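Working notes, structure below.
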Amino acid sequence: MNFNGLSIEQAPPISAPLRFYLTAPLFAIVAGFLILFSDTTVLMSRYSIDSIIITHALTIGFLSFIMLGSLSQMLPVLAGVVIPKVDLVTKVSHGFLVLGTVFMLLGLSYDNSQFNTIALIGLGIGFLMIIGVIFLSVTRVKNFTPTVKAMAASLFFVFFVVLMGLFLLYSYVDDTYAYLRPLIANIHSVWGIFGFGGILIIGVSFQVLPMFYVAPKFKQFCKKKVVWIISIGLFVWLGLNIFYDVYALLAKLWIATFFWAFATSVWKKLSARRRPISDTTVWYWRASSVFLTLGSFLWIFDEYFKNEYIVMVAILIGGGFIMSIMIGMLYKVVPFLVWFHLNGMGYMNIPTINEMINKKLARIQFVLFIASLVGFIFAFYYPMVLKISAISFIISMIILEYNIIAPALIYSKIKKTKPDFDMNTFATI
Amino acid sequence: MSTIKEYLTTDHQRCDNLFAAMEDEASASLENAKEAYTQFARETERHYQMEERIMFVEFEAKTGMTEGPTAMMRHEHAQMRQLIKQMGEALEANNKDKFFGLSETLMMLLQQHNMKEEQMLYTMAQQHLSGDSERIVSMMESMIVE
């Protein structure tokens, strides 16, 4: 059994997750401006180029960045394995991913094959490198907890999501296979949202909810079976979607039911939590539970309306469920990492977690973010609210960026001073 | 009788509940939370000592690993003792913001520490010390806190 991941010296350096966390809101700000300068008639179609660009600024630039940064941070703690050369891997893959995402947004906006080719290389290397290395580490885990199993399942899905994404992007460079786009894009998005994002969140919440909020534990059935059940559902859906499209609804019902059940348990567990504290992170969990419930129902309902509401489903599930949880967790994780690393270096007088992020600013950020999501939904019926919602979204993401920079600055400022204790005495640990 | 892993895991949950009760009291008034704080601090200290003075010692003797996981856990115990002490000071100074800032930090540290112990160290301990499990648990139960 490997204990190396427990040592502060061998834990991932704080820069490994932080570089992903600091970049993520910047892409969300870009997405906000793209929404601001677009219009509802274009955005109502999932296949309009504007929708595709905005979606990927958020799904790659925001969600994947946070999820990959978190995986590189959490794996040593949750599973006791060291990610080989974590500093180098995160640095290089982060660089390639930023390059790839920027060029993808530009390439699709200007229909430029060279840009799209650079994006293919950047995203291909960036994603496959970090996913591959994390996957290798997972294979070395000895104690497969439900959370680690969920992580492995989500890595499996993201691997295929990335391959499909690369294929789709390639179809903009060489359009020989462009006719396959709608089919592949549909699988790419459903597996990405439910297989990568959804399963990862479910797995992590098995640990996080009881731990951070002293909430009741999830039932053994949930922990042992749900990830399998959803994964099987996603495979059945894949088969039906390709060969018996008329029955695909059955698999969708299967998947949606379990996500709705998950949303309900999150709500119930939060209500039964022993810790009375109700901070912004709790609000984010609550909001995500509501949005996931609405999104799951609408995803089914949408089937009867020729996919008219699919963009609304994406806002509810991608924005309301996944983004909400990511932001909520950033508010917990970033200040803790700053404290943990500084304390590990021998500093004793470190601002507490609550002093690193201004509570009021976090609340304002939450309100603006949720208001923008609600606004985006209403924009389907009242197009004039799109612009004000986009502005609200942009401001919320600027505040989020500030709220992550603030603890990062505290870290670098304190690190320049002399530690209270010489930690070399622990160097042999 | 429970195994080492079961016994100490249950004790973690007991301390978590005391922590939650302390925060519950403190959110109403810091003045009234002193008793709950003392109880949490006392029981947590007891848990650390059961590990440091009994289980870790047995584990180290059996495996010869004195610089490994147990050293890291001792180091984290020291970090957490420091936070608990600072919480007591914040309580005395009636500084609610400071108290909850520290309790939040402690909670994060405590939980990831417990997770490492429950998922790895206790499992290892159970494997190496299974024959002595009963004796070790009864020693921990009857230990007097120093």
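The values are calculated or read from the model by the stated rules, or taken from the named source; none is laboratory data. The structure displayed is predicted, hence computed values, not measured ones. Quick reminder, even Gly has a Cβ in these numbers, built from the backbone with ideal geometry, and neighbours come from all protein chains shown.
Side notes on the structure shown:
- Residue in region A:300-311 that is without any contact (Cβ under 8 Å) to a residue 60 or more places away in the chain, surrounded by 22 or more Cβ atoms within 10 Å (Cβ to Cβ) and under 18 Å from A:Leu373 (Cβ atoms) present: no
- Some residue of region A:50-57 being more than 22 Å from A:Tyr21 (Cβ to Cβ), of a type in the set (S, T, N, Q) and in contact with a Ser or Thr (Cβ under 9 Å, 6 or more places away or on another chain): yes
- Unmet criterion (only one of (1) buried (at least 20 other Cβ atoms within 10 Å of the Cβ); (2) out of contact with any Phe, Trp or Tyr (no Cβ under 6 Å at 6 or more places or on another chain)) for A:Gly328: (2)
- Considering residues of region B:112-126 that are touching a Pro at 6+ places or on another chain (Cβ under 9 Å) and facing another protein chain (nearest Cβ under 7 Å) only, the residue nearest to A:Val141 (Cα to Cα): B:Met120
- Boolean, A:Leu58 is within 22 Å of A:Asn116 (Cα to Cα), more than 14 Å from every other protein chain (Cβ to nearest Cβ) and either of a type in the set (A, V, I, L, M, F, W, C) or buried (at least 19 other Cβ atoms within 10 Å of the Cβ) (or both): yes
- Residues that are surrounded by fewer than 19 Cβ atoms within 10 Å (Cβ to Cβ) and more than 10 Å from chain A (Cβ to nearest Cβ) occur at least once in region B:96-108.
- Meets criteria (free of Cβ contacts under 8 Å to residues at least 60 places away in the same chain and assigned to a helix (DSSP H, G or I)) for A:Ile187: yes
- Restricted to helices (runs of 4 or more DSSP H) entirely inside region A:257-349, those with at least 1 residues that are more than 29 Å from A:Phe27 (Cβ to Cβ) and at pLDDT 90 or above are A:280-301.
- Unique residue being free of Cβ contacts under 8 Å to residues at least 60 places away in the same chain, over 15 Å from A:Met67 (Cα atoms) and in contact with a His (Cβ under 7 Å, 6 or more places away or on another chain) when the list is A:Leu168, A:Leu163: A:Leu168
- Every test in (1) surrounded by fewer than 22 Cβ atoms within 10 Å (Cβ to Cβ); (2) in contact with a Leu (Cβ under 8 Å, 6 or more places away or on another chain); (3) not hydroxyl-bearing (Ser, Thr, Tyr) is passed by B:Met87 save one, and that test is (1).
- Residue that is nearest to the other protein chains (Cβ to nearest Cβ) [pool: residues in region A:346-364 that are touching a Ser or Thr at 6+ places or on another chain (Cβ under 9 Å) and aliphatic (A, V, I, L, M)]: A:Ile353
Every residue, every condition in (1) under 19 Å from A:Gln73 (Cβ atoms); (2) free of Cβ contacts under 8 Å to residues at least 24 places away in the same chain, yes or no:
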| position | (1), (2) |
| --- | --- |
| A:Met345 | yes, no |
| A:Thr352 | no, yes |
| A:Lys360 | no, yes |
| A:Phe369 | no, no |
| A:Leu373 | no, no |
| A:Ala379 | no, no |
| A:Val385 | no, yes |
| A:Leu409 | no, yes |
| A:Lys413 | no, yes |
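- Residues satisfying the stated conditions in region B:69-84, i.e. farther than 24 Å from A:Ile353 by Cβ and surrounded by fewer than 20 Cβ atoms within 10 Å (Cβ to Cβ): B:Ala71
- Test: residue in region A:282-301 that is within 21 Å of A:Ser205 (Cβ to Cβ), within 14 Å of another protein chain (Cβ to nearest Cβ) and of a type outside the set (Ser, Thr, Tyr): yes
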